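K.L.:
For reference, the structure I am asking about is given below.
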Amino acid sequence: MKKKFLSVLLAASMMATVLAGCGASADTAAPAADAPAAEEAAPAEEAAPADDAAADTSAAAGGTVGISMPTQSLERWNRDGSYLKEQFEGKGYTVELTYSDNKIDQQVKDIEGLIADNVNLLVIAAIDGESLTQVLADAKAAGIPVISYDRLIMNTDAISYYVSFDNYTVGKLQGQYVVDALDLDNAGDKTYNIEFTAGDPADNNATFFFNGAYDTLKPYIDKGTLVVPSGQTKFDQVATAQWDTATAMERFQNILGSYYSDGTQLDVALCSNDSTALGVTQAIQSDYAGKNSVIITGQDGDEANLANIVDDKQTMTVYKAVANEAVATLDIGEALLKGETPDEGLIKSAGWEFECTYDTESYDNGTGVIPSYLLVPIVVTKENIQKELVDTGYYTMDKDGYAHPVG
Ligand code: BGC
């Protein structure tokens, strides 16, 4: 069985869960935030587990991987950066990891720098999916394969593959959670009030999340079971530039002031992710007069949001095991470095123990459909934090009952 590193931490008692869910996550149980600098990366022979050594020829070849992440100010990208670095370094690659402070020009400069450093592969999570056309033309001219990581990079034929989660399903899970929690199919004449908060219009994922949620809830809005007092139901009306917490908070304070100050009850705040949910939760805490507990959705399993879930201030989050996204990226990247053209077969041959679909239809970046590897998100609530996040090795649980990410 090919699988990267079963950690000591996850030995015996957790093995069943790990194998059922994702063996690859186990290796990430070792915190990567303090991972050694690229130059200190362990040689491939030392890093590769014995059972991988025979199959793995690329590790010996080595090379440098340039990883461009959007920002450290949104929690998940710190985990992505750490996991990706850990994966590639574990196979003997040198890693150059950049964060661009959510500034588009900075990301262009960072990628230019990686190209100038002659990296052999680029892994990029774009800040603005539309702004990398020129710099990626340069990457293509330099013969550097590019993996579009998590967010689809638009209008460039320089990207070879897209690796992400099923983004539409993320939204569907949020919408379905609301349907089930309020038992909307049996609501009769009862009505519930809902407001939407979506993500950054520059992020191609944001519309997928919003559409997944909205499409799931639309039948109930059409029937009148769900009511949107603000009337804001279009993506552009509910979007949040840069997924910024303060921006989401301010917009929601305005909504509460304008549509709920007369005592109207808010039942649901459908938020596309955790950074926006955090702002919406703050607004509800400070500016909502109602005493009911509002259903608040999210995505990512950010630390503050998990604490809010434990404290009943947020209701659910959609968790995406980014440790597995990093594993998939490593295997796709290695295939590209060997000059291969990976396809659906990689899912089996790589021995991934997490669910993944190969999709050649859904993600057109304006130059054609980009072959995509899409991992599967899950719903996390107060009830299953231990099982889904802690027992799987992604988080540790404090004595105080709060979960902390490992990566
Ligand atoms: C990611 C989400 C994340 C958001 C903000 C999206 O592209 O898929 O997981 O919440 O960016 O960081």
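All of the numbers you see were taken from the coordinates with simple rules; none came from a lab. None of these values were measured; they are calculated from a predicted model. Quick reminder, even Gly has a Cβ in these numbers, built from the backbone with ideal geometry, and neighbours come from all protein chains shown.
K.L.:
Can you find, among PHE88, ILE194, VAL179, the residue farthest towards the positive end of the dipole of region 85-198? Put +1 on the C-beta of Lys and Arg, -1 on that of Asp and Glu.
P.N.:
Sorting the options by dipole projection puts first PHE88.
K.L.:
Then there is this: Only Lys, Arg, Asp and Glu count, each charged at its Cβ (+1, +1, -1, -1), so figure out the dipole size of region 189-244 about its Cα centre, rounded to 20 debye. Display every interim value, and only then the final one.
P.N.:
Values: 4 positive and 8 negative charges, 53 e Å.
It works out to roughly 260 debye.
K.L.:
Something else now. Given LYS91/LYS338; LYS291/LYS320; LYS109/LYS320, which pairs have Cα atoms separated by over 24 Å? Before the final figure, lay out each step's value.
P.N.:
Values: LYS91/LYS338 14 Å; LYS291/LYS320 32 Å; LYS109/LYS320 29 Å.
Exceeds cut-off: LYS291/LYS320; LYS109/LYS320.
K.L.:
Net charge near PHE165: determine it from the other residues with C-beta under 9 Å of the C-beta of PHE165, scoring Lys and Arg +1 and Asp and Glu -1. Numbers along the way, then the final one.
P.N.:
Numbers: positive: LYS320; negative: ASP150, ASP166, GLU325.
It works out to a net charge of -2.
K.L.:
Here's another thing I want to ask about it. Once the Cβ-Cβ distance between GLU130 and VAL369 is put in as r, and R0 is 22 Å, what FRET efficiency do you end up with, to the nearest 0.05? Before the final figure, lay out the partial values.
P.N.:
Working: r = 18 Å, r/R0 = 0.80.
Taking R0 as 22 Å, the efficiency between GLU130 and VAL369 is 0.80.
K.L.:
Starting from the 7 Å offset along Cα-to-Cβ, what nm value, one decimal, do you get for the label separation of ASN292 and LYS348?
P.N.:
With each label placed 7 Å out from Cα toward Cβ, I get 5.1 nm.
K.L.:
Now a separate question. Just want the ordering: SER258, SER230, from fewest to most Cβ atoms lying within 10 Å of their own Cβ.
P.N.:
On the way: SER258 11, SER230 19.
The order, fewest Cβ neighbours first, is SER258, SER230.
K.L.:
Here is a follow-up. How would region 167-299 be classified by its alpha-carbon gyration tensor: rounded, prolate or oblate, with rounded meaning a/c under 1.5 and the a/b versus b/c comparison settling the rest?
P.N.:
Details: a/c = 1.73, a/b = 1.08, b/c = 1.61.
Since a/c reaches 1.5 but b/c is at least a/b, the shape of region 167-299 is classed as oblate.
K.L.:
Whole Å is fine, so just give me how far the alpha carbon centre of region 60-81 lies from that of region 158-211.
P.N.:
Rounded to whole Å, the Cα centres lie 27 Å apart.
K.L.:
Which of the lysines could be linked to LYS190 by a straight reach, that is with a Cα gap under 18 Å, when you skip same-chain ones fewer than 8 residues away?
P.N.:
List returned: LYS218, LYS223.
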